[in-house]
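Just below is one structure, and these are the notes that go with it.
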């Protein structure tokens, strides 16, 4: 009981700056809207109606919401890329690319302890992640490429219905992929990958919060995480 | 160009000779100008060009195909399309319509190729089989590939006419046993106009030739080499059932009440939203109808590899490698289910494996809570 009653001191660390939090929730919201409207567009519900077509425009409205949200998603992503060069250590692009030896060590550690659920014999302070661990940040890198796939295929399919120059930048995509049908299929498949990502992402947030109790889930609202005092004293940003 | 007797004549002269009067001719000029997408003030220029320009020599080659492309243009709206622009012109050489046969036909073709070297337009209907050294399609003892290379050599421009010539169509569908190959993959050094469709619209072909005659150059082409005037819009964008799409009114089966009402065929696999063609505005058979108007969804016949792009009567394309009739949604649902099961297992195992850690943290938290209670009581 003696060791157990030794409780730890925690410090509050601002990990996620306000732009990161705004990006996160705007991104989450637009992904949800895009998935829901996307599935409605892919397979609209059967409606028996005696209304004249001229009295109704709901499917057109659903498509309009999808397209408007796509612009929000795109602009938000561009803003986040900007912040990857301007933001703090945890928002920087370097936090997402495992190119250092340290990051690979962290990946091995997280795989062992959090994915395969083995226990460490001795607690190593350095292993406590303050921002993302490198497995998580790598999954966001994958999500970033998935977002690129959605933006390119989506705006590529949208281009012929638009006269604006921005969608026209993507007009080459369907030709490159062999037509609208394969482009649409890729767009549809990567929607499912977004759903799978969301499942895993939300689960792992809950897992970390449940196991560690450091404010993992609320950090994306408040911006703060709680980190052991000793960990901060020796901090070299990981 | 010259007819077989060697006398050069213009399109107008040819039409008059054939028994059309000037009124017919002007009607044709107005009609083809509209099809080219120009405003009516251009009619004069088109008519003048047709009056003053000698007819273009055209060689029409048939390789691996079903002749539906030729059938399409001989049934076109205005008789002059078939009579003057395409049919007679191609009398020099077109297997289906020419009078000559055998050695005479080959001789006629070689005459034209020699006489109008660098001037004639080569129309190719059909794909070129490259499998087994090209034996799947031989004409006059030579393979289609040899014919194509020979004919393309002196051509001013090439028109790949129909889906076979532009993307291989049904012969080129998996597993493509004959090695059917579209024209642009064999001929690289000539301007090639792609006119996909199974078949393409005859008037579009006539308008392409008239455009060439009027302006002495090819019309504006898109990235895939298709004339923008005819392939710039999706069938969906010019479909008369589009209001039903926007209103969310869809036929669920081909025999339900909604289908009878003429609702949108989107859910029955209509490929209109992914197909670039002018069917919705030009229509077929003297403007009588087009597939969607007849109650059948578009099958996307002018899109590359439309045979391989999944079932005609479903919206979602089959996923290759996941078994027959498995769509992206089925695979997606299974994958989400598997991930959910995996995560639930992870959660259970985590609570067992990390039991000690959780318990220690819990105890420490409890100790703090008890201490807090004491301080408050004091």
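Worth pointing out:
- P(r) tail, region B:235-294: Cα-Cα pairs separated by more than 15 Å, 46% of all pairs.
- Region B:231-344, relative contact order in percent, only Cα pairs under 8 angstrom and at least six apart counted: 22
- Tilt relative to chain A, helix A:18-42 - C-alpha long axis, 0 to 90 degrees, to 10: 40
- Backbone N atoms of region A:65-83 closer than 18 Å to the 7 Å Cα→Cβ label point of residue A:29 belong to residues A:65-80.
- Area projected by the alpha carbon convex hull of chain A, averaged over all directions, nm²: 17.7
- Peptide A:51-59, shielding by other chains (average Cβ, 10 Å cutoff): 5
- Overall shape of region B:33-76 was characterised from the C-alpha gyration tensor. The equivalent ellipsoid obtained from it has semi-axes of 28, 16, 7 Å, in decreasing order.
- Here the alpha carbons of region A:1-101 define both size measures, Rg and Dmax, at 22.6, 78 Å.
- Share of alpha-carbon pairs per 10 Å distance bin for region B:308-370, given as whole %: 19, 24, 17, 14, 12, 10, 3
- Residue exposure sequence - A:12, B:234 - by fewest surrounding Cβ within 10 Å: A:12, B:234
- Fraction of alpha-carbon pairs over 17 Å apart in region A:82-149 - percent: 46
- Take every Cα pair under 8 Å whose residues are at least 6 apart in sequence, average their separation, divide by the length of chain B, and the relative contact order is 13 percent.
- Within a Gaussian network of chain A (alpha carbon springs, distance under 10 Å), most fluctuating of A:102, A:225, A:122: A:122
- C-alpha long axis of helix B:144-153 to longest principal axis of chain B, angle in °: 70
- For A:195-208, mean number of other protein chain Cβ atoms within 10 Å: 3
- Computed over region A:174-216, the percent of Cα pairs more than 11 Å apart is 69.
- Where N is the number of residues in region A:33-166, Cα Rg divided by 2.2 N^0.38 Å: 1.54
- For region B:153-236, the Rg and Dmax computed from alpha carbons only, in angstrom: 13.4, 43
- Estimated from the Cβ-Cβ distance and a Förster radius of 51 angstrom, the FRET efficiency linking residue A:92 and residue B:41 is about 0.25.
- Interatomic Cα distance distribution for the protein assembly as shown, bins of 10 angstrom, percent: 3, 13, 19, 18, 14, 12, 9, 6, 4, 2, 1, 0, 0
- For residue B:240 and residue B:75, a Förster radius of 30 Å and the Cβ-Cβ distance give a FRET efficiency of 0.90, rounded to the nearest 0.05.
- Helical content alone sets the calculated 222 nm signal of the protein assembly as shown at -15000 deg cm²/dmol, taking -39,500 (n - 2.57) per DSSP H segment of four or more residues and averaging over every residue.
- Taken along its principal axes, the alpha carbon cloud of chain B reaches lengths of 119, 49, 41 Å, longest axis first.
- Overall size of region B:270-378 from C-alpha positions, given as principal axis extents largest first: 98, 35, 21 Å.
- Stokes-Einstein, applied to the Kirkwood radius of region A:149-195 over Cα pairs at a viscosity of 1.306 mPa s and 10 °C, places its translational diffusion at 152 µm² s⁻¹.
- Over all distinct Cα-Cα pairs of region B:101-197, the Kirkwood formula returns a hydrodynamic radius of 13.7 Å.
- Computed from Cα atoms alone, the Kirkwood hydrodynamic radius reported for region B:11-231 is 17.6 Å.
- Angle in degrees between helix A:101-110 and the longest Cα principal axis of chain A, rounded to the nearest 10: 90
Each value in this text was obtained by applying a stated rule to the coordinates, not by laboratory testing. Fair warning: this is a prediction, and the values are worked out from it, not measured in the lab. All Cβ positions, glycine included, derive from the backbone under ideal geometry; neighbour counts span all protein chains shown.
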